[in-house]
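Before I ask anything, here is the structure I am working with.
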Amino acid sequence: MSQSTGINKQTSESTKPSLPNPEDTKREKETTYIDTVLEVNDNEFVGKERLRTQIDEQLKEFETWYANGKWLDFHNHHYDWWMFPIDEISSRGKAYCLPPDVLNELKQDKNFVDKLRRGVKLMVSSWGWDIDACRNFDKDKRADKQKWSYWPVRLYKAGKCMWLFGQNDYYKSLRQLAEYIRDKDKEKLDYFSHTKNGKANVIEQWDELERC
């Protein structure tokens, strides 16, 4: 009898549901959020209003990360598609590829363009780059984690976005950053281009832009 009771007790304990790990729950919420954000039809543009909303929400996160010195959050999260919109397909297909008429309309919207500029400025600040001064922040004014995080595709999209929206000062500053990384860090700045369906180079792609 005592053996049977022991077995029943063991069985009861083994089937008792365990409490959720708070970290697992947090990760699950984050995954659910990003999955919701990325629920798009890859075969068509998401539309101006959805793009505006996603940029607004992302910029709020940027401001929080910047204010709190959460530099790695800029590195660890995904946002390139909507935060630096360009006229190219991506891993999301055509969802964030700006049609010509939309691009022309948004270029005239100063508030929209200002948000794009602010997003680029905050993002490259996480790399230790002062986009207005076209140079690295002084070492005594930047944190250890404020440094280049090996995101050539992100650099390319930010630069092309600034070029497309006529923000030549920021485009030129990003080009200086790319050249600095290439020359000082000896990094090739290659990335996978969905437009080319193969390898591309940040500076070479920008060179093509300037020749057009």
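For segment 90-105, indicate whether the set of residues that are at pLDDT below 95, under 19 Å from E187 (Cβ atoms) and among the small types (G, A, S) is non-empty.
No, segment 90-105 contains no residue that is at pLDDT below 95, under 19 Å from E187 (Cβ atoms) and among the small types (G, A, S).
Here is a follow-up. So which residues in segment 87-102 are in a helix (DSSP H, G or I) and either acidic (D, E) or surrounded by 15 or more Cβ atoms within 10 Å (Cβ to Cβ) (or both), if there are any at all?
Listed by number, the residues that qualify are D101, V102.
Give me the pairs, please: first residue somewhere in segment 82-102 and closer than 16 Å to N41 by Cα, second residue anywhere and among the aromatic types (F, W, Y) and not in a loop (DSSP other than H, G, I, E, B), beta-carbon distance under 6 Å, and either six or more positions apart or on two chains.
S90/W81; R92/W81; Y96/W81; Y96/W82
Related question: Going by the structure shown, is L72 under 17 Å from V124 (Cβ atoms) and either at pLDDT below 95 or surrounded by 15 or more Cβ atoms within 10 Å (Cβ to Cβ) (or both)?
The answer is no for L72.
Being among the aliphatic types (A, V, I, L, M) and in contact with a Gly (Cβ under 7 Å, 6 or more places away or on another chain) is the filter here; which residues of segment 120-177 pass it? Explain how you work it out, then say what you get.
To start, the set of residues in segment 120-177 that are among the aliphatic types (A, V, I, L, M) comprises 120, 122-124, 131, 133, 143, 153, 155, 158, 162, 164, 174, 177.
Result: A143, L174.
Yes or no, residue by residue, for (1) touching a helix residue (DSSP H, G or I) at 6+ places or on another chain (Cβ under 6 Å); (2) closer than 18 Å to N168 by Cα; (3) in contact (Cβ under 8 Å) with a residue 60 or more places away in the chain:
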{"residue": "K121", "(1), (2), (3)": "no, yes, no"}
{"residue": "W127", "(1), (2), (3)": "no, no, no"}
{"residue": "D132", "(1), (2), (3)": "no, yes, no"}
{"residue": "F137", "(1), (2), (3)": "no, no, no"}
{"residue": "K145", "(1), (2), (3)": "yes, no, yes"}
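Tally time: how many residues in segment 125-143 are surrounded by fewer than 16 Cβ atoms within 10 Å (Cβ to Cβ), of a type in the set (K, R) and not in a helix (DSSP H, G or I)?
Going through segment 125-143 one residue at a time, the tally reaches 1.
Need the failing condition index for I181 against (1) among the β-branched types (V, I, T); (2) surrounded by 15 or more Cβ atoms within 10 Å (Cβ to Cβ); (3) closer than 20 Å to E88 by Cα, just the number.
Against the list (1) among the β-branched types (V, I, T); (2) surrounded by 15 or more Cβ atoms within 10 Å (Cβ to Cβ); (3) closer than 20 Å to E88 by Cα, I181 comes up short only on (3).
Related question: Scan segment 45-86 for residues that are of a type outside the set (S, T, Y) and assigned to a loop (DSSP other than H, G, I, E, B) and report the count.
10
Quick check on my filter: what residues within segment 144-195 are part of a helix (DSSP H, G or I) and of a type in the set (V, I, T)?
V153, I181
So which of L19, L38, L59 ends up being modelled with pLDDT under 95, within 28 Å of A200 (Cβ to Cβ), of a type in the set (A, V, I, L, M, F, W, C) and out of contact with any Asp or Glu (no Cβ under 6 Å at 6 or more places or on another chain)?
L38
Can you tell me how many residues within segment 166-192 are closer than 10 Å to Y156 by Cα and among the small types (G, A, S)?
Matching residues across segment 166-192 total 1.
The values are calculated or read from the model by the stated rules, or taken from the named source; none is laboratory data. Keep in mind the model is a prediction, meaning the values are calculated, not measured. With ideal geometry, Cβ positions are generated from the backbone for all residues, glycine too; neighbour counts draw on all protein chains shown.
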